[in-house]
Amino acid sequence: MAKPRKQKKTKKRAPQDAKPEVASSESKPLDPALLGFLGVSVALVSVRWYAARHVGFGDSEALYACYALHPAPAYLDHPGFVGQLARGIAGEDTPTPYSIHSVTAVLATALPWLLNIVARRLGATQRAALIAALLFAVVPVIAVGLFAITPDLPLAFAWLSTLGFAGAALEAEPKSARAAAFFLGAGVMAGVASSSKATGALLLLSLPVVYLTAGGEAAKHRRTIWPWLGLACAAVVLAPIISFEANAHWPMLHHRLVDTQEGAGFSPRNLLATLAGQFLYLSPVVAVLVVVVARDLFKRRKDDAIATLLFWTFALPFAALLALCLWSRVAEPHWLAPPMLALVLHAARRVKAEEPSPWPRRLVIGSIASGALFTAFVHWWVLSPTSASMFPKSVDPKANIATELYGWDDVLRETDQTLQEESFVEDAAHPKSVWVVGPHWVICAQLAAGMPTAHVGCAQDKTDFEDWAPRKDWEQADEIVFVTDNRFEGPDYTEEKLFPAFAEVRSQRVSVVRGGGIARTFRVIVLERRAKV
């Protein structure tokens, strides 16, 4: 029987006028919000790197660099984490303005990206999270304030991380490993926030309120061990600070709440300073947006567990800090900034892809524009020498606080040269004891940070220098190199008042010139112990 023949397979040829199908899809254009956010990030990190090469330590930064030179769990002004951060950046070397600022420039630029991640994790759309991060990036208190090495930098990272972990924990399945891990993470980061700045303790105190008031499915979490074990983890992080403070009879609390509060009390002056500070640190339009978002958060505080989290981590710390700002004459307006992180996240969460934005478009655009303009102006004011020439001639030039970032290299060079000359002796068996001393902690901190191998003391009472360089040591010196500037004039700052046992031998002036004029004048004075009669 013959086998059937196999039919040859033939390919059907497409008509000549037919075009082959191409499996391709048009690529979507990049979101303008993403492009704007990327552009702002590149611009900010560029100007920050430029600043890192040209500016020195601010006075407070110099103090935190001293923290790195004298490790301790806590100091009079702050817990010790900022000192650990500065020490970690510098490694085995002495912290310098460039080494510190080159790292803080990157950290400050990365913070808005962390906010973007947290906003997405808490339910914001991609576009809303990007716009919120863009606005956050250009607000002066962030764009300018976080370039420096201050407790606010690690506090901001820890505060945002706490909100992200706590939000993820509340949305996780109760009793799940995921919920356990996130609750523990929230507790640890709240502990880090508290060890960065005392303000962080208010965030930590708000967490149990959140856990006890969160409704819906999240209410089941409070019947598990994990939220409370997370808070115990925070206590473990804070244990060295608490132990140190308790053994020393709570010097940080006493300094903050007693020593520095002379003349404290509620007053119109404090109210005006607090309000004016918000307009400067946030910019005027952003300050208005903050009020709008805060009202909305209050109305929606019970919508879900995340809204409850954001409400209490805003309302409780903000109320306490606002009361402190209205009561204390030395309170600073930027203390109110950390609780406002919750407002940024709430604003992003409220924007739904399928619904109109609850925030007026003009208000959002105006907030971004005003924040960017204020930030650009401050950077120009600090970095451009010509800005000093625009300072009103009727105002004392030393009132321009930007000058504290300049001139210290010349002062330190002159001081070191003077110190070397005075320390030189022909008889090595009888070396002279020579100390460098300033009249106020801002001078002393700059000297100690810039001359880490020198003996640096401070003539001001109730500072950390009382532990680092006790008065009894430098008062017994053979000679003192006294360094001061024209911010500290008057009868309380004369050599006769501060050093009655010493007499002036010689002095040298160092002037800081910016914008064609003298912005500040320093004096380097050699004092020699008076002969006993």
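Any idea which residue in the range 358-391 is farthest from LEU405 (Cα to Cα), counting only those that are of a type in the set (Ser, Thr, Tyr) and in contact (Cβ under 8 Å) with a residue 12 or more places away in the chain?
So in the range 358-391, the residues of a type in the set (Ser, Thr, Tyr) come out as 367, 370, 375, 384, 386-387, 389.
Adding the requirement that they be in contact (Cβ under 8 Å) with a residue 12 or more places away in the chain leaves 367, 370, 375, 386-387, 389.
Numbers: SER367: 29, SER370: 25, THR375: 18, THR386: 15, SER387: 14, SER389: 16 Å.
Only one residue fits best here, namely SER367.
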Original post:
Based on what the data block shows, is ILE89 in contact (Cβ under 8 Å) with a residue 60 or more places away in the chain, surrounded by fewer than 21 Cβ atoms within 10 Å (Cβ to Cβ), part of a helix (DSSP H, G or I) and β-branched (Val, Ile, Thr)?
Top reply: yes
Original post:
With (1) under 26 Å from VAL55 (Cβ atoms); (2) surrounded by fewer than 22 Cβ atoms within 10 Å (Cβ to Cβ); (3) within 20 Å of the chain's Cα centre (by Cα) as the list, and PHE318 as the residue in question, which single condition is left unmet?
Top reply: (1)
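Please verify whether the range 275-284 includes one or more residues that are in contact with a Gly (Cβ under 7 Å, 6 or more places away or on another chain) and either of a type in the set (S, T, N, Q) or over 21 Å from LEU146 (Cα atoms) (or both). First the steps, then the outcome.
Filtering the range 275-284 down to residues in contact with a Gly (Cβ under 7 Å, 6 or more places away or on another chain) leaves 283.
Among the residues that remain, those that are also either of a type in the set (S, T, N, Q) or over 21 Å from LEU146 (Cα atoms) (or both) are: 283.
Scanning the range 275-284 turns up at least one residue that is in contact with a Gly (Cβ under 7 Å, 6 or more places away or on another chain) and either of a type in the set (S, T, N, Q) or over 21 Å from LEU146 (Cα atoms) (or both).
Considering only residues of the range 116-154 that are over 20 Å from GLY371 (Cβ atoms) and within 12 Å of the chain's Cα centre (by Cα), which is surrounded by the most Cβ atoms within 10 Å (Cβ to Cβ)?
Just the residues of the range 116-154 that are over 20 Å from GLY371 (Cβ atoms), to begin with: 117, 120-123, 125-126, 149, 151, 154.
With the extra rule that they be within 12 Å of the chain's Cα centre (by Cα), the set shrinks to 149, 151, 154.
Working: ILE149: 29, PRO151: 25, PRO154: 21.
The qualifying residue surrounded by the most Cβ atoms within 10 Å (Cβ to Cβ) is ILE149.
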Original post:
From the set of residues in the range 511-533 that are open to solvent by less than 20 Å² (accessible area, probe 1.4 Å) and at pLDDT 85 or above, which is farthest from GLU475 (Cα to Cα)?
Top reply: VAL512
Original post:
Hey, does the range 178-200 have a residue that's touching an Asp or Glu at 6+ places or on another chain (Cβ under 7 Å) and open to solvent by 10 Å² or more (accessible area, probe 1.4 Å)?
Top reply: yes
Original post:
On the given criteria, is PRO452 at pLDDT below 90 and either buried (at least 17 other Cβ atoms within 10 Å of the Cβ) or of a type outside the set (Gly, Ala, Ser) (or both)?
Top reply: no
Original post:
Within the range 396-411, can one find any residue that is modelled with pLDDT of 90 or more, open to solvent by less than 10 Å² (accessible area, probe 1.4 Å) and not basic (Lys, Arg)?
Top reply: yes
**OP:** Given the conditions (1) open to solvent by 50 Å² or more (accessible area, probe 1.4 Å); (2) of a type in the set (A, V, I, L, M, F, W, C); (3) farther than 23 Å from LEU316 by Cα, report the number of the one that LEU212 does not fulfil.
**Re:** (3)
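Kindly indicate whether LEU343 is of a type outside the set (Asp, Glu), buried (at least 18 other Cβ atoms within 10 Å of the Cβ), at pLDDT 95 or above and touching a Leu at 6+ places or on another chain (Cβ under 8 Å). Talk me through it step by step, then tell me what you get.
Values: of a type outside the set (Asp, Glu): yes; buried (at least 18 other Cβ atoms within 10 Å of the Cβ): yes; at pLDDT 95 or above: yes; touching a Leu at 6+ places or on another chain (Cβ under 8 Å): yes.
So LEU343 passes the test.
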Original post:
Filtering the range 1-59 down to residues that are charged (D, E, K, R), surrounded by 11 or more Cβ atoms within 10 Å (Cβ to Cβ) and closer than 30 Å to SER384 by Cα, which residue is modelled with the highest pLDDT?
Top reply: ARG48
Subject >> Subset of the range 460-478 (residues that are touching a helix residue (DSSP H, G or I) at 6+ places or on another chain (Cβ under 8 Å) and open to solvent by 10 Å² or more (accessible area, probe 1.4 Å)) >> reply: GLN460, LYS462, THR463, ASP464, TRP468
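Is it the case that ARG301 is closer than 17 Å to LEU122 by Cβ and open to solvent by 60 Å² or more (accessible area, probe 1.4 Å)?
Numbers: closer than 17 Å to LEU122 by Cβ: yes; open to solvent by 60 Å² or more (accessible area, probe 1.4 Å): yes.
Taking the combined requirement at face value, the residue satisfies it.
Going by the structure shown, is LEU309 open to solvent by 10 Å² or more (accessible area, probe 1.4 Å), at pLDDT 95 or above and either more than 21 Å from the chain's Cα centre (by Cα) or not small (Gly, Ala, Ser) (or both)?
Details: open to solvent by 10 Å² or more (accessible area, probe 1.4 Å): no; at pLDDT 95 or above: yes; either more than 21 Å from the chain's Cα centre (by Cα) or not small (Gly, Ala, Ser) (or both): yes.
Against the criterion (open to solvent by 10 Å² or more (accessible area, probe 1.4 Å), at pLDDT 95 or above and either more than 21 Å from the chain's Cα centre (by Cα) or not small (Gly, Ala, Ser) (or both)), LEU309 does not qualify.
Each row is one residue, and each column tells you yes or no for (1) part of a helix (DSSP H, G or I); (2) farther than 16 Å from GLY167 by Cα; (3) open to solvent by 70 Å² or more (accessible area, probe 1.4 Å); (4) not small (Gly, Ala, Ser).
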| position | (1), (2), (3), (4) |
| --- | --- |
| GLU217 | yes, no, yes, yes |
| HIS221 | yes, no, no, yes |
| VAL236 | yes, yes, yes, yes |
| PRO240 | yes, yes, yes, yes |
| GLU262 | no, yes, yes, yes |
**OP:** Working only within the range 479-510, note down all residues that are open to solvent by less than 70 Å² (accessible area, probe 1.4 Å), without any contact (Cβ under 8 Å) to a residue 40 or more places away in the chain and out of contact with any Asp or Glu (no Cβ under 8 Å at 6 or more places or on another chain).
**Re:** GLY490, THR494, SER507
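The values are calculated or read from the model by the stated rules, or taken from the named source; none is laboratory data. Bear in mind that the values here come from a model prediction, so they are computed numbers and not experimental data. A quick note on method: Cβ atoms are made from the backbone with ideal geometry, for glycine too, and the neighbour counts reach across all protein chains shown. These area figures cover heavy atoms from the full protein model, side chains too; ligands, DNA and RNA do not enter into them. Shrake-Rupley method; radii C 1.70, N 1.55, O 1.52, S 1.80 Å.
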